[in-house]
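Worksheet: one structure, shown below.
The values are calculated or read from the model by the stated rules, or taken from the named source; none is laboratory data. Worth saying up front: this structure is predicted, and the values here are computed from it rather than measured. Every residue, glycine among them, receives a Cβ derived from its backbone with ideal geometry; neighbour counts consider all protein chains shown.
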Amino acid sequence: MSDCCESRPTKIQRVGEEEAKNISETHVGVENKVATRGENEALQGVQPFGSSRYSDFLSNVSNFKIIESTLREGEQFANAFFDTETKIRIAKALDEFGVDCIELTSPAASEQSRKDCEAICKLGLKAKVITHIRCHMDDARIAVETGVDGVDVVMGTSKFLREYSHGKDMTYITKKAVEVINFVKSKGIEIRFSTEDSFRSDLVDLLSIYQVVDKVGVNRVGVADTVGVANPRQVYDLVRTLRGVVGCDIECHFHNDTGCAIANAYTALEAGATHVDTSVLGIGERNGIPSLGGFIARMYAADRDYVMSKYNLKALRDVENIVADAVQVQIPFNNYVTGYCAFTHKAGIHAKAILANPSTYEILKPEDFGMSRYVSIGHRLTGWNAVKSRAQQLGLDLTDDQVKAATNRIKVMADIKDQTMEDVDAILHVFSRGIKAGVDVTHDAVFEKLLEQHNVARPESITDGTN
Ligand code: HCA
Ligand code: CU
């Protein structure tokens, strides 16, 4: 259902991986002779300015861990209901992708949640299995019995949460945190302490409690933008300040209400955070958190080697399809990496450059993700270079002038309606055949007659309109 490539319209031309690779290799060779140093660096890698800024001493852009929370935050998505079998499928698919940790709903949430947590712990995954609990001894006691590798503890610290949620003051929160942390640690299990709604909490309160829990020996502290209010600059400031206050790892959790979740996660890493929370397709409370695919795309653009060495990028599509089916949503058309048009190039100018060297208009290499690039040619913005490439694929021997004439014909017809790939192919075949027969195919009436004959000869392909 959610396989984006199955439903791709036929006016789009797929550029074969091999073909693209060859074109790209040839082109880079030529380019090296003429391009400036900066341009060459940009062409050779995916990084925008050739050299990176990631030598920043604080930055973990090239050394981060993913805490994948589809089975915790994602369960808070409006459509989510995961039975045991589905949870196991998702956990295995995430493990196959290579996420570092898989976070599960609190075993204190329900009897079935507890059983599912135990079942996932028994799978023997490579990823660490952690669960997420309130800062409460009752929850902690249940969590440590499930077999998890770690426990993520959270407690609200903002004025809103202190007044309208749990009603406790900072002294109580700190005392509780220390009690829970000591208990979990005594069981030899990893522990993280996070403050809910960190960005609307008092900075002094935050830094004080993080300092206390760091001294007690948490493995990580967490910063959570629970309401999606933070912007990247605020994230940088807070995480950088926190980095100077605690010695433990720093996890970050960003909601996407105002569209900054991935940028915030990236900036947090630049400021010294070590772990980022994601969910598949970004599902979660309200409109969710950074999507695994979007976050990975962002990190790939920053350090392709690190991302490719650590994660099985070709498994992304599978895990997204599994989750999309489970929560009954479609993969969005503009989804990072796997969206229907993520690697589709349309304008003639783009198509020309893509055929010469895909890096000209692509920061992500589709083949690294097991995806294909497409060049859309049956429309009024098309260009003759892309049409020429299609003619070559069809084995038609047309001169550039003849291809240009055929392109004009495609544009005339596409002004009436977009042409399918088959329509485009028909025009090219008619041109080629007409030229061989010595007739003037640029003449409207001649062309139309030949096209009609061509279509009559292939009625079944006209009616179903597919390629
Ligand atoms: C929630 C809790 C949480 C916890 C994040 C964390 C949030 O509101 O459901 O443990 O760091 O967004 O604050 O998901
Ligand atoms: Cu959340």
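Right, VAL227: in contact with a His (Cβ under 8 Å, 6 or more places away or on another chain) and either of a type in the set (Phe, Trp, Tyr) or within 15 Å of ligand 2 (Cβ to nearest atom) (or both) or not?
Values: in contact with a His (Cβ under 8 Å, 6 or more places away or on another chain): yes; either of a type in the set (Phe, Trp, Tyr) or within 15 Å of ligand 2 (Cβ to nearest atom) (or both): yes.
Yes: the conditions hold for VAL227.
Within region 368-381, can you find the residues that are touching a strand residue (DSSP E or B) at 6+ places or on another chain (Cβ under 8 Å) and either among the charged types (D, E, K, R) or under 22 Å from LEU313 (Cα atoms) (or both)?
SER372, ARG373, TYR374
Quick check: is even one residue across region 393-403 outside the structural domain of MET308 (by TED's automatic domain parsing), touching a helix residue (DSSP H, G or I) at 6+ places or on another chain (Cβ under 8 Å) and farther than 20 Å from LYS436 by Cβ?
Initially, region 393-403 is screened for residues outside the structural domain of MET308 (by TED's automatic domain parsing), giving 393-403.
Those still in the list that are touching a helix residue (DSSP H, G or I) at 6+ places or on another chain (Cβ under 8 Å) too: 394, 396-398, 400, 402-403.
The next check asks that each one be farther than 20 Å from LYS436 by Cβ; those that pass are none.
No, that holds for no residue.
Could you list all residues from region 55-74 that are within 16 Å of ligand 1 (Cβ to nearest atom) and without any contact (Cβ under 8 Å) to a residue 40 or more places away in the chain?
If the condition is that a residue be within 16 Å of ligand 1 (Cβ to nearest atom) and without any contact (Cβ under 8 Å) to a residue 40 or more places away in the chain, then no residue fits.
Out of (1) within 16 Å of ligand 1 (Cβ to nearest atom); (2) within 15 Å of CYS101 (Cα to Cα), the odd one out for GLY288 is which?
(2)
Could you please give the count of residues in region 110-142 that are farther than 23 Å from ASP100 by Cα and hydroxyl-bearing (Ser, Thr, Tyr)? Steps first, answer last, please.
First pass over region 110-142, keeping only residues farther than 23 Å from ASP100 by Cα: 110-112, 135-139, 141-142.
Retained after the next criterion (residues that are hydroxyl-bearing (Ser, Thr, Tyr)): 110.
Of the residues in that region, 1 qualify.
Given LYS417, LYS411, which one is surrounded by fewer than 21 Cβ atoms within 10 Å (Cβ to Cβ) and either hydroxyl-bearing (Ser, Thr, Tyr) or free of Cβ contacts under 8 Å to residues at least 12 places away in the same chain (or both)? Give the steps one after another, and end with the answer.
Values: LYS411 fails: either hydroxyl-bearing (Ser, Thr, Tyr) or free of Cβ contacts under 8 Å to residues at least 12 places away in the same chain (or both).
Result of the check over LYS417, LYS411: LYS417.
Looking at the structure I just gave you, is VAL212 surrounded by fewer than 24 Cβ atoms within 10 Å (Cβ to Cβ), touching a Ser or Thr at 6+ places or on another chain (Cβ under 7 Å), β-branched (Val, Ile, Thr) and not in a loop (DSSP other than H, G, I, E, B)? Walk me through it before giving the result.
Values: surrounded by fewer than 24 Cβ atoms within 10 Å (Cβ to Cβ): yes; touching a Ser or Thr at 6+ places or on another chain (Cβ under 7 Å): yes; β-branched (Val, Ile, Thr): yes; not in a loop (DSSP other than H, G, I, E, B): yes.
So VAL212 fits the description; yes.
Criterion first (within 20 Å of HIS253 (Cα to Cα) and either surrounded by fewer than 18 Cβ atoms within 10 Å (Cβ to Cβ) or not assigned by TED's automatic domain parsing to the domain that holds ILE250 (or both)) does ARG141 satisfy it? First the steps, then the outcome.
Values: within 20 Å of HIS253 (Cα to Cα): no; either surrounded by fewer than 18 Cβ atoms within 10 Å (Cβ to Cβ) or not assigned by TED's automatic domain parsing to the domain that holds ILE250 (or both): yes.
Judged against the criteria, ARG141 is not a match.
Has region 236-247 got at least one residue that is among the aliphatic types (A, V, I, L, M) and within 13 Å of ligand 2 (Cβ to nearest atom)?
no
Hey, could you check region 176-207 for residues that are part of a helix (DSSP H, G or I) and without any contact (Cβ under 8 Å) to a residue 12 or more places away in the chain and say which is nearest to ligand 2 (Cβ to nearest atom)?
Step one: filter region 176-207 for residues part of a helix (DSSP H, G or I), giving 176-186, 198-200, 203-207.
Now restrict to residues that are without any contact (Cβ under 8 Å) to a residue 12 or more places away in the chain: 186, 204.
Numbers: SER186: 28, VAL204: 24 Å.
Ranking the qualifying residues of region 176-207, first place goes to VAL204.
Hey, does region 335-346 have a residue that's more than 14 Å from the chain's Cα centre (by Cα) and in contact (Cβ under 8 Å) with a residue 40 or more places away in the chain?
Filtering region 335-346 for residues more than 14 Å from the chain's Cα centre (by Cα) gives 344-346.
Cutting the leftovers down to in contact (Cβ under 8 Å) with a residue 40 or more places away in the chain gives us 344.
Yes - at least one qualifying residue is present in region 335-346.
Within region 362-371, is even one residue more than 18 Å from ALA302 (Cα to Cα) and in contact (Cβ under 8 Å) with a residue 40 or more places away in the chain? Reasoning before the result, please.
Here is the first cut: in region 362-371, the residues more than 18 Å from ALA302 (Cα to Cα) are 370-371.
Pick out the ones that are also in contact (Cβ under 8 Å) with a residue 40 or more places away in the chain and you get 370-371.
Taking every residue of region 362-371 in turn, at least one turns out to be more than 18 Å from ALA302 (Cα to Cα) and in contact (Cβ under 8 Å) with a residue 40 or more places away in the chain.
Hydrophobic (A, V, I, L, M, F, W, C), crowded, with 18+ Cβ neighbours inside 10 Å and modelled with pLDDT under 95: does that describe ILE354?
On the way: hydrophobic (A, V, I, L, M, F, W, C): yes; crowded, with 18+ Cβ neighbours inside 10 Å: yes; modelled with pLDDT under 95: yes.
Yes.
Tell me the strands (runs of 3 or more DSSP E) entirely within region 83-175 that contain at least 1 residues that are more than 16 Å from ligand 2 (Cβ to nearest atom) and under 18 Å from SER186 (Cβ atoms). Can you show your working first?
Values: elements: 101-104, 128-134, 150-156.
By residue number, 150-156.
So ILE435 passes all but one of these: (1) farther than 30 Å from PHE295 by Cβ; (2) touching a Ser or Thr at 6+ places or on another chain (Cβ under 8 Å). Which condition number does it fail?
Failed condition: (2).
Within region 227-273, take every residue that is crowded, with 23+ Cβ neighbours inside 10 Å and polar (S, T, N, Q) and give me the one that is nearest to MET155 (Cα to Cα).
Result: ASN264.
For region 282-312, what are the residues that are touching a residue at least 60 places away in the same chain (Cβ under 8 Å) and either outside any helix (DSSP H, G or I) or on the phi > 0 side of the Ramachandran plot (or both)?
Answer for region 282-312, where residues must be touching a residue at least 60 places away in the same chain (Cβ under 8 Å) and either outside any helix (DSSP H, G or I) or on the phi > 0 side of the Ramachandran plot (or both): ILE283, GLY284, GLU285, GLY288, ILE289, ASP303, TYR311, ASN312.
Among ASN256, ASN264, ASN287, which is the only one that is of a type in the set (S, T, N, Q), within 14 Å of ligand 2 (Cβ to nearest atom), in contact with a strand residue (DSSP E or B) (Cβ under 6 Å, 6 or more places away or on another chain) and in the same structural domain as ASP237 (by TED's automatic domain parsing)?
ASN264 is the lone residue from the list that is of a type in the set (S, T, N, Q), within 14 Å of ligand 2 (Cβ to nearest atom), in contact with a strand residue (DSSP E or B) (Cβ under 6 Å, 6 or more places away or on another chain) and in the same structural domain as ASP237 (by TED's automatic domain parsing).
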